[in-house]
Amino acid sequence: MTAVAALQLLIALAFLSIPVVRGRYGARAQAAVEAELGRQGVRTTVMAENGMRLDAGGHETWAPVGIAAALLLPALLGIAGSSWSGTLSWVVQPLVILVNCVILYSNLTAVPSVTAAFARSGDAELQRIDVRAMLRAAEDGFPDWVMPYLQNLRHVVVFAGSAAVLVLLAAH
């Protein structure tokens, strides 16, 4: 089942692209957000004060690295010829699909969900932020190829690759 292992490694790399891109360009995106907040008359430190960041810190690293590790294990077991590879893949691959659905939903609903989170925060300054403009500034802080191209490519690799893994497992 080397095809399954190859697909799982490709999907793992797709997830690892998240912290790599954020590590490389996150500071630039953060600076763009802070400039936008300043333009809106909001103190530029409000994001950091509320634990919001655009770099590869926090869950933007541990989550994709954890997912990549979860995919690496069955891939390596498959390469080694272990029968546990298939069993583990039947557990991991549907979870990867579900996690990516959550990521996609989060991407598609970013403006209303961040606006709602700011409203619930009780922080009057967060509630004044034009979230759409702030998120546009964040997106503009990354190179043009990141959103939507890399982001969409990652979703295609994760969804199509996972579906292919499941089909290959079912056919085996």
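Observations, loosely collected:
- Cα gyration tensor shape for the stretch 1-94, rounded if a/c is under 1.5, else prolate or oblate: prolate
- According to the Cα-based calculation, Rg over Rh for the chain is 1.07, with Rh computed by the Kirkwood formula.
- Once the Cβ-Cβ distance of R28 and T2 is raised to the sixth power relative to R0 = 41 Å, the FRET efficiency obtained is 0.55.
- Modelled spin labels at R128 and A35, positioned 7 Å past Cα toward Cβ, are 2.2 nm from each other.
- Folded to 0 to 90 degrees: helix 59-79 orientation relative to the chain principal axis, Cα: 10 degrees
- Per-pair calculated FRET efficiency, R0 = 25 Å: H172 and W145 via Cβ, rounded to 0.05: 0.10
- Cα Rg over Rh - the stretch 31-77, Kirkwood: 1.30
- Solvent-accessible area, 1.4 Å probe, carbon plus sulfur percent, for the stretch 94-172: 67 percent
- Look at the Cα gyration tensor of the stretch 87-158: its axes a ≥ b ≥ c give a/c of at least 1.5 with a/b at or below b/c, and that counts as oblate.
- Crossing angle, helix 151-171 versus the chain [Cα axis fit, 0-90 degrees, rounded to tens]: 20 degrees
- Using the 1.4 Å probe convention, the accessible area of the chain works out to 54 Å² per residue with neighbouring protein chains retained.
- Using the rule -39500 (n - 2.57) for each DSSP H run of four or more residues, divided by the residues of the chain, the 222 nm mean residue ellipticity is -26500 deg cm²/dmol.
- Length gained when the stretch W62-T87 is fully extended (0.36 nm per residue, less Cα-Cα span): 6.5 nm
- Unit Cα scatterers, Debye sum, the stretch 1-49: log10 I(q)/I(0) for q = 0.15, 0.18 Å⁻¹: -0.56, -0.65
- Between the alpha-carbon centres of the stretch 1-80 and the stretch 94-172 there is a gap of 11 Å.
- The calculated FRET efficiency for A119 paired with L73, based on their beta-carbon distance and R0 = 25 Å, is about 0.05.
The values are calculated or read from the model by the stated rules, or taken from the named source; none is laboratory data. In this text the structure is predicted, and so the values were computed from the model without any measurement. FYI the Cβ positions are ideal-geometry reconstructions off the backbone, even for glycines, and counts take in every protein chain you see. We work out accessible area using only protein heavy atoms, side chains counted, and drop any ligands, DNA or RNA first. Shrake-Rupley method; radii C 1.70, N 1.55, O 1.52, S 1.80 Å.
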